[in-house]
Amino acid sequence: MSTALADAPATVATVPLIRRCAVLGAGTMGSRIAAHVANAGLPVVLLDIVPANADAASRSRIASQALQGLLKAKPAAFYDASSARLITPGNFEDDLAQLKSCDWIIEAVSEDLAIKRALLEKIAPYVRPDAIVTTNTSGLPVASIAAKMPADFRSRWFGTHFFNPPRYMRLLEIIRTPEANPQAVAAVADFADRRLGKSIVYAHDTPNFIANRIGVFAMLTAVDLMQQLDLTIEDVDALTGSSIGWPRTGTFRLADMVGIDVLAHVARNFSSTKAEDAAATKLPPFVETMLANKWLGDKTGQGFYKKIPDAPDPKNNRLALDWKSLDYRPAQRPKFPSLEMAKNAEALPERLQLLIGNGPGKDKASLFQWTLLTRIWNYAADCLPEIADDLASVDRAMRTGFNWELGPFEMWDAVGVQQSCERLRARNEHVSPQAEALLASGKTSWYSDGAETHGRAEFDPATRDYKPIAQPPGIASVAVFKRANGVIRKNAGASLVDIGEDIACIELHSKKNAIGDDIVSLITQTLHPDSEHVRNFSGFVISGDASDFSVGANLMQLLLTMQEGDWDEVDLAVRAFQRMTASIKFCPRPVVVAPFSLCLGGGVEISLHAAARQPHTELYMGLVEAGVGLVPAGGGTKEMALHAVDAAAVESGTSPTEAPLKFAFSGELQDALRQRFETIGMAKVSTSAAEARGLDLLKSSDKITLHRERLLLDARETAMYLASSGYSAPTPRMQIPVPGDQVGATLRLGVHLMRQAEYISDHDVKIANHVVRILCGGSVTPGTFVTEQYLLDLEREAFLSLCGERKTQERIAFTLKTGKPLRN
């Protein structure tokens, strides 16, 4: 050990404000961590080794190439590609001095104890006495990595285990060591929560921590049961996918995506846990053969599946591995009667009851799922309190780390703890002592939502009683307020809920939050100026707890009406939709829309009309109506036209009302209209809230929330601020200068050229010309003043015209069937 290390003081320095970071290791994980820190707006130093035979200009080649790879990564590593400028590539020989300016240093090199220890010794002289250093190890004992470092270094050392890809996977496991300074841990946890959008789970320093411990046990148990029950790779993926609330990838497709070598590494960490763990997670011989053959999944082109290059049918473009012969064959689509039956249940608890609520059924599918899930539940209970302080942390880790809809204890509650334990005992199968303790205490569920627990509480095996679930301030869901305050009014598609501080939330909860008559009527009636709710609340939030904000208008409802030829009904529906968005825009109280994940079509139109938007950073937002042969007709095209007018007025410095003719012919207005036309006509969808700003679907003044579970209260805070600032609703605009068809000819020329180049179809041309007509104000003289209602009428006319087109109906039917657009 160096003299600098031996002489270092043992006192704990003041914890710094995190303003600059470093990532040590520019591999897949390290580089993506660096990208996500850059997403938070912080400068990052990304360092790696000097390649062999590198010349003076290429000594930082590994980190530089990693940065270039980040710019091409799919899915995108950055919210906005411009964030890449915040990353400075370097190497471990020439650039360690840059660490002196870093407040948080994240070690992310190879999972090798000797390599990690050597690197810590190397960087120690360059690390400030107050800087925090953490490791991204996925399973090595965190304390042992820094065991040879001085005491003051160990006080600022702990684990921060990100999940890949860091931008999208919400879980961050923080592994506290006995010597870790609580203030340093708290500083990183708060930064990761608020700036990186992470769900923080505190794990104990045990092999594989929480999520990998449970998740890999689940995956390898599935492999073992596959062999016992003589199932196929595809069978298991069908049985371990969305039917039980897990990602659609299932077990083996997920393993291919993660890397079979990574899976094997985590599995081998089990050897240092209990003997029964090691036996249950031993890799089968066929997987060991795959590792020897370098069949590691997507990274090597083959694993449990092998992609067929240039397959004629993109839906059937994979071969599946026959685990017995290790040959590849065309992938099959298994069908199990129990899964088909369970599809009728929309909610996961009901599905689980149908699948295994009565214990294992007569077919292999039911026996597989019963055995798999009960083993996972018991294993999770057996791991308490070894891996975590409480069972809620285990559930949170599996929801946010493996994207399970429900964690193991939540799933167990859904099926029934007492009933399942009785069936397990009857079959002489293992029942966890923790579950026995729960039932012996007189309780029958791991969680309680009763009045006696004052909200949601979890079972504490130590006290054999319920205790409140700890949550950081600012995290909440609509469900929490529903349990506490009840529901003011509701229908099948939406509910009105008091979320405190004189703010109410309109929660969307239809299937996929498709906007149909229910949602339209509840929003319109709630926000009407004479509504009692407008009198009783000072502001409103539109959001929800679902996985997506809204997929847009209810296309099935629309298609059925179109096929019946009931055009008056379509006309009434469009008018009702326009009244709904108008009620949002002109409500006397501020309405804040908090969109997240998918926000398409009509969902965007709801958002565009709000007093403000409070989006989650992961936002896939777009006016996609052109993809189904339509135009935005709920005020979306009208709002984009208004945005163009306002933006051009600022850019040109011309007063639209004082010089309407000059303004109509200005280059600034034409550029602004062209940009909005491309957003609508090309059905552009953002891949982040930052990109949505660039598409003019969000304003620069709209604040972005990085943590999904903070979105509701952040939106409430915005509504409160607007209300307390003397909010005054806008009035309908009566003097909007439009350029008319004469200026719109330029946009139509662009459409014509795209058709000549065969980039678009004839039907696309028809749709695009309707969009041009609305944006430019129709067949009027340039500089003519029109009203908002006039533009809405143009929207409605175009929408009705396109509804009568056979190709539009074909597009809608195709999208409903496949979930994809049809370019006919």
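The values are calculated or read from the model by the stated rules, or taken from the named source; none is laboratory data. As the structure is a computational prediction, the values presented were derived from the model and not from experiment. Cβ coordinates were reconstructed from backbone atoms using ideal geometry, including for glycine residues, and neighbour counts include every protein chain displayed. These area figures cover heavy atoms from the full protein model, side chains too; ligands, DNA and RNA do not enter into them. Shrake-Rupley method; radii C 1.70, N 1.55, O 1.52, S 1.80 Å.
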### Query
Under the classification rounded if a/c is under 1.5, otherwise prolate if a/b is larger than b/c and oblate if not, where does region 329-368 fall, given a ≥ b ≥ c as square roots of the Cα gyration tensor eigenvalues?
oblate
### Message
Based only on Cα atoms, what mean projected area does the convex hull of the chain have, in nm²?
### Response
38.5
### Task
Treating the angle as unsigned and between 0 and 90°, give the value, to the nearest 10°, between the Cα long axis of helix 417-426 and the longest Cα principal axis of the chain.
40
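Assign unit charges at the C-beta atoms only (+1 for Lys and Arg, -1 for Asp and Glu), then state the dipole size of the chain relative to its Cα centre in Debye, rounded to the nearest 20.
920
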## Note on the structure
Long-range amide H partners of Ala514, meaning residues 5 or more apart or on another chain whose placed amide H is closer than 5 Å, are Val551
### Query
Which loop-located trypsin sites (Lys or Arg not before Pro) does region 480-524 contain, where loop means any DSSP state but H, G, I, E or B and the Cβ has at most 11 other Cβ atoms within 10 Å?
none
### Stokes-Einstein D (µm²/s) once Rh is taken as the Kirkwood radius of region 20-75 over alpha-carbon pairs, at 20 °C in 1.002 mPa s
185
### Task
Quick one: which residues, 5 or more positions from Thr135 or on another chain, have an amide H under 5 Å from its amide H? H modelled 1.01 Å from N in the peptide plane, none for Pro or chain starts.
Glu107, Phe158, Gly159, Thr160
#### Entry: 17 Å tail of the calculated P(r), region 144-183, as % of Cα pairs
40
### Message
As I understand it, the value is the acute angle between the Cα axis of helix 636-652 and the longest principal axis of the Cα atoms of the chain; what does it come to in degrees, rounded to 10?
### Response
80
### Task
Would you please name the trypsin sites (Lys or Arg not before Pro) within region 149-191 that are DSSP coil residues with at most 10 other C-beta atoms within 10 Å of their C-beta?
none
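Would you compute, from DSSP H runs of 4+ residues alone, the mean residue ellipticity of the chain at 222 nm, taking -39500 (n - 2.57) per run and dividing by the full residue count, rounded to the nearest 500? Working shown, then result.
Working: 35 runs with 368 residues, N = 824.
Computed ellipticity for the chain at 222 nm equals -13500 deg cm²/dmol.
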### Task
Report the extension gain between Ser271 and Glu658 in nm, rounded to one decimal, defined as 0.36 nm multiplied by the number of residues separating them, less their alpha carbon distance.
131.4 nm
#### Entry: lysines with Cα under 25 Å of Lys364, excluding same-chain neighbours fewer than 8 positions away
Lys282, Lys324, Lys335, Lys343
### Task
Mind checking region 339-428 for trypsin sites (Lys or Arg not before Pro) that DSSP puts in a loop (not H, G, I, E or B) and that have at most 15 other Cβ atoms within 10 Å?
Lys343, Lys362, Arg427
### Task
On a 0 to 90° scale, report how tilted helix 806-818 is relative to the longest principal axis of the chain, with both axes built from alpha carbons and the result rounded to the nearest 10.
10
### Query
Taking the radius of gyration and the Kirkwood hydrodynamic radius from Cα positions alone, what is the Rg/Rh ratio for region 258-405, to two decimal places?
1.00
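Seen from all sides and averaged, what is the projected area of the convex hull of the Cα atoms in region 121-175, in nm²?
Over every viewing direction, the Cα hull of region 121-175 projects on average to 4.3 nm².
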### Query
Scanning the chain for GluC sites (Glu not before Pro) in DSSP loops with at most 10 other Cβ atoms within 10 Å, what's the longest stretch left with none?
1-345
## Note on the structure
FRET efficiency for Gln227 and Asn317 from the Cβ-Cβ distance with R0 = 25 Å, rounded to 0.05, comes out at 0.40
## Note on the structure
Quick calc, region 438-592, dipole around Cα centre from Cβ unit charges on Lys, Arg (+) and Asp, Glu (-), nearest 20 debye, gives 400
### Task
State the Cα centre-to-centre distance between region 25-67 and region 349-372 in whole Å.
48
### Query
At a 1.4 Å probe, what is the % contribution of carbon and sulfur to the accessible area of region 540-694?
53
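Cα gyration tensor of region 156-307, axes a ≥ b ≥ c as square roots of the eigenvalues: rounded (a/c below 1.5), prolate (a/b > b/c) or oblate?
The shape class here is prolate.
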### Query
Quick one: Debye curve from the C-alpha atoms of region 372-474, no solvent, what's log10 I(q)/I(0) at q = 0.20, 0.22 Å⁻¹?
-1.06, -1.28
#### Entry: Principal axis dimensions, region 474-539 - Cα atoms, whole angstrom, descending
30, 29, 17
#### Entry: Phi-based couplings in Hz for region 777-791 (Karplus 6.51, -1.76, 1.60; Gly and Pro marked x)
x, x, 7, 10, 5, x, x, 5, 8, 10, 9, 4, 5, 4, 5
### Message
Apply the a/c threshold of 1.5 to the C-alpha gyration tensor of region 489-585 and tell me whether it is rounded, prolate or oblate.
### Response
oblate
